[in-house]
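Have a look at the structure below before the remarks.
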């Protein structure tokens, strides 16, 4: 490819509404063009990188035995209604009607459609296992699209689905996809972690996220530097920080704490450690009738140590809260505790509430909590003496740096991560809902055991840039760079020698399979270099008349910098070796 025949449109400054580094650099490099909030054109440079990601994904999935299909972007409501997700997916799923007033969804994911394929196409255990995947445009109507391609409304995603006879076979399919995903992200050249994760709205009971480590990541990734433990913070188990409960030493005392509503303010006012306080959070769970009217409400009091934060995902796994919960209203709080928020505690509420204590709180003694009276807290509170043992003890907090690792092999650290892939074991969640069965070896119908596997291809672009950039621009991993090498022909329009040598080098690299572009734009060297450093091409070769007179061609790696002078006779071989070995 020659630059004069390509489309290059770089900018010195990013648009004012660009938020994160990847968004700014992709816009400046001319890789994407904003059409509407969360919706982008992918220009030639950006599309070249996407196609390289797609190629790696296809190679690894095909090698693992997956079969590519394409499912429709427009999906009929009837399939989603079978699983109940037509109403549960919420406003992120864009619903629309055709000219016949039939309801459709603009594809956010494809569990229902692929399960419909299976129930019609896969009749016997002899046809299993099967693993179908597609690389297709998705649409999710994000409330606030942001961060460029990392949280857009329209995006390109690979989603795959496995179908097996039983749980054991489904586990093997899951493991095969897990290994394929590792190969994909290793080949792309990203620094990532595969972490245990919550299954969320898709369902299932085994799940891993593939998180690209970056300071701008939205997710907190918990891991142990001394072991293989890694998990999303939503799932990471928080062990109790006190081995046992100490004996009570202090009397229960109602203590004035005027205007101090937070645990931190109370601790500061009383001159005690924050870790001696207990915070109270009030939730409500509603029971409804068939018409959706609330018939009963249960009030819950959740207790955490003052320096800890609530983990709502863990709370949602507690019996009685699994069906859903909300934070209680101020009126509900006053009715049950007699005080406004900020002074609440578990000692003698006015009305019965269900109490859930975190694992660390249950071992606390002589602690401080709200007195259910404005401007007052209790000090010297002890379980068994001043209030009954809690009804439920559970892990309901987020882990923090320095917590013991759940595997007993060290302490925990936390990084930020960008989720680029996710694998789920779904079981029969969808096959049972859609009555998708096959005839097993005994001649009886069985529900398919399913897995679900996704990769955000366009999100990978943003994540790779967030992880690989400097003040000059993008630093692409070689495997997904729009071009592997660029030849900058300085003085193209003036020097026959430059044109001849640059063309010879270009054709030699091209013949060797190097994805190379020849910059024949006849621009000033500074303009050329700034453009290609912004775009992030891993290898740059400069051919100039002055250098040729001295018998040299200059080479520079984008990642490490530093110019190397090469003999024109061996320059091509040098560059080919660097490209093929992935050295940059």
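Read-outs: derived from the displayed coordinates by stated rules, not from any lab. Please read these numbers as outputs of a predicted model, since none were measured by experiment. Positions of Cβ are backbone-derived with ideal geometry, glycine not excepted, and every protein chain shown enters the neighbour counts.
Computed quantities for the displayed model
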read-out	value
Equivalent ellipsoid semi-axes - Cα gyration tensor, segment 360-421, angstrom	33, 16, 12
Alpha carbon convex hull of segment 436-584, projected area averaged over orientations, nm²	13.1
Packing-based exposure ordering (other Cβ within 10 Å, fewest first) of 339, 110	339, 110
Shape category assigned to segment 60-210 from the gyration tensor of Cα positions, a/c cut at 1.5	oblate
Mean separation of Cα contacts under 8 Å (6+ apart) over length of segment 1-61, as relative contact order %	24
Pairwise Cα inverse-distance average, inverted: Kirkwood Rh of segment 1-146 (Å)	18.6
Length-normalised contact order of the chain in % [C-alpha pairs under 8 Å, at least 6 apart]	17
Cβ crowding within 10 Å averaged over residues, with 19-27, 237-245 ranked highest first	19-27, 237-245
Pairwise Cα inverse-distance average, inverted: Kirkwood Rh of segment 326-390 (Å)	12.3
Computed log₁₀ I(q)/I(0) - Debye formula, equal Cα scatterers, no solvent, the chain, q 0.10 Å⁻¹	-1.00
Ordering of 267-276, 115-124, 6-15 by packing [mean C-beta count within 10 Å, highest first]	115-124, 267-276, 6-15
DSSP beta bridge pairing in segment 253-394, given as percent antiparallel to the nearest 5	70
Mean residue ellipticity (222 nm) of the chain, computed from DSSP H runs ≥ 4 via -39,500 (n - 2.57), nearest 500	-8000 deg cm²/dmol
Relative contact order of segment 253-394, pairs being alpha-carbon contacts under 8 Å that are 6 or more residues apart, as %	28
Over segment 253-394 - Rg/Rh using Cα atoms and the Kirkwood inverse-distance radius	0.98
P(r) of segment 406-475 over all Cα-Cα pairs, binned every 5 Å from zero, in whole percent	3, 12, 11, 11, 11, 12, 11, 9, 8, 6, 3, 1, 1, 0
The chain - share of DSSP beta bridges that are antiparallel (%, nearest 5)	80
